[in-house]
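Written out below as C-alpha cells is the structure these notes cover.
We did not get these values from a lab; they are worked out from the coordinates using the rules stated. Since the model is a prediction, treat every value here as computed from it, not as a measurement. Here Cβ is always computed from backbone atoms with ideal geometry, including for glycine, and neighbour counts include all displayed protein chains.
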Amino acid sequence: MFSPKTNCAPRFVPSMTLVDDLRTFPGLQEGLRCLLALATISLFGCASLSGGSSARSVRVMSYNIQYGHEGLDSVAAVIRAERPDIVGLQEVDVHWSARSNFVDQAAALSKATGMEYRFARIYQLPGGDPSKPPREFGVALLSRYPVISFINREITRLSTQDSVAKPALMPGLLDATVNVNGRRVRFLNVHLDYRVNPSVRETQVAEILSFVGKETLLTILTGDLNASPDAVELQPLFVALHDTWKAGVPGLTFSAAKPEKKIDYVLVSDGLCRTKSVIPRVYASDHFPLVVDLTIGKC
C-alpha cells in the first residue's frame, strides 16, 4: 500500500456532465473501440498497449492527486485504467510528511504504472532526521515515451510555507522534452497560485509564456491553473496555446465531491489536434483527472 488508506479502489461517482464516451466503464469502452476499429478496417486498431493507438496519436492526462489523500494505489489504478501515454501530476509528495507516510510518490507511481518519471519540486525542506532525504512537494511527469531532457524552471510563487512570504521566484515549472515515436514533444506541467487575487497567477502566466516563446516544437501544457476559462489572467495563455476541452461543455474537474469548477487543463500548440477529451468520474482525489486524446498533424 502506498498510503495510510486501506480501502483504496477508486470509487466511481455519477457523472455531473455529459461526456462523449463510456469512460466510467474503461473496459467496456476499450472493447467498443476495438470492435469499431475492426468494423471500419481502421489502420490504427487497438494493438498498442498505451492509450495512443498509432504513431501519430498520444493520450495525455492532467491530474491533481491531492498527495494521494484517498490512497496512492487508487491514483495508480485510475492511471492504469485510463492508459495515458503522458501524465502531468500536481500536488505530489516526496518524503514530505506523515500525511503520505513519507513516501516518494513520484517514484511509487512510476513503479505502479511502468512509466518513466521526473519530479519538479516546488518546496524542499529539511527533515527532522538529517540522515533522511529532504521533504519535497511539487509536480511530476509520468511517460511511456523516453524523456530526452528535463529542467525544473522557476516562476513567481507566494509560498504557503512562510506566513510572511512575498512573491518570489521558486521552482516548480516542469519542462521536459519527450520522444513520441520519433517526434520531439515539449511537455510542461504546472500548478498555479490558488488565491482569489489573480496577481500572482497573472505573473506566472507571463513567465510561462516567456519560456514557451516562439517554440517550434510541438508543445503540451498540463496543469491545475486554479482559475476558470474566462479568468482574465489566463487569456494570454489561451492565445498562445489551445484548450483541448470541448467548447460549450462545462468540463468540471473540481471538486470531485461536488464538481463546480473547471480549473484543470491540457493545452496544446498548433500541430496537435484533439480527437477526444473526457473527465473520468472517479474519486481518488479531490480533483477529477482530465484525459485527452491527441493526434499529431494539422487539425
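Quick look at the numbers
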| item | result |
| --- | --- |
| Dipole magnitude of region 200-299 about its Cα centre (Cβ charges: Lys, Arg +1; Asp, Glu -1), debye to nearest 20 | 380 debye |
| Per-residue ³J(HN,Hα) for region 131-145, Karplus 6.51 cos²θ - 1.76 cosθ + 1.60, θ = phi - 60°, Hz, x for Gly and Pro | 7, 9, x, x, 7, 9, 9, x, 10, 8, 10, 10, 8, 7, 9 |
| Reachable lysines from Lys214, criterion Cα separation under 30 angstrom, eight or more residues apart if same chain | Lys246, Lys262, Lys276, Lys298 |
| Cα gyration tensor shape for region 240-289, rounded if a/c is under 1.5, else prolate or oblate | prolate |
| Dipole magnitude (debye, nearest 20) for region 86-167, charges at Cβ of Lys, Arg, Asp, Glu | 100 debye |
| Restricting region 210-299 to GluC sites (Glu not before Pro) in coil, as DSSP defines it, with at most 14 other Cβ within 10 Å | Glu215, Glu260 |
| Long-range amide H partners of Tyr123 with built H, under 5 Å | Phe137 |
| Between region 201-227 and region 124-160, the Cα center-to-center distance that results, in Å | 19 Å |
| Inter-probe distance in nm under a simple model that places probes 7 Å from Cα toward Cβ, at Asn179 and Leu125 | 4.0 nm |
| Anchor Lys132: aspartates and glutamates whose Cα lies under 17 Å away (excluding residues fewer than 8 positions away in-chain) | Asp93, Asp104 |
| Highest-first arrangement of 165-172, 73-80, where packing means the average Cβ count within 10 Å | 73-80, 165-172 |
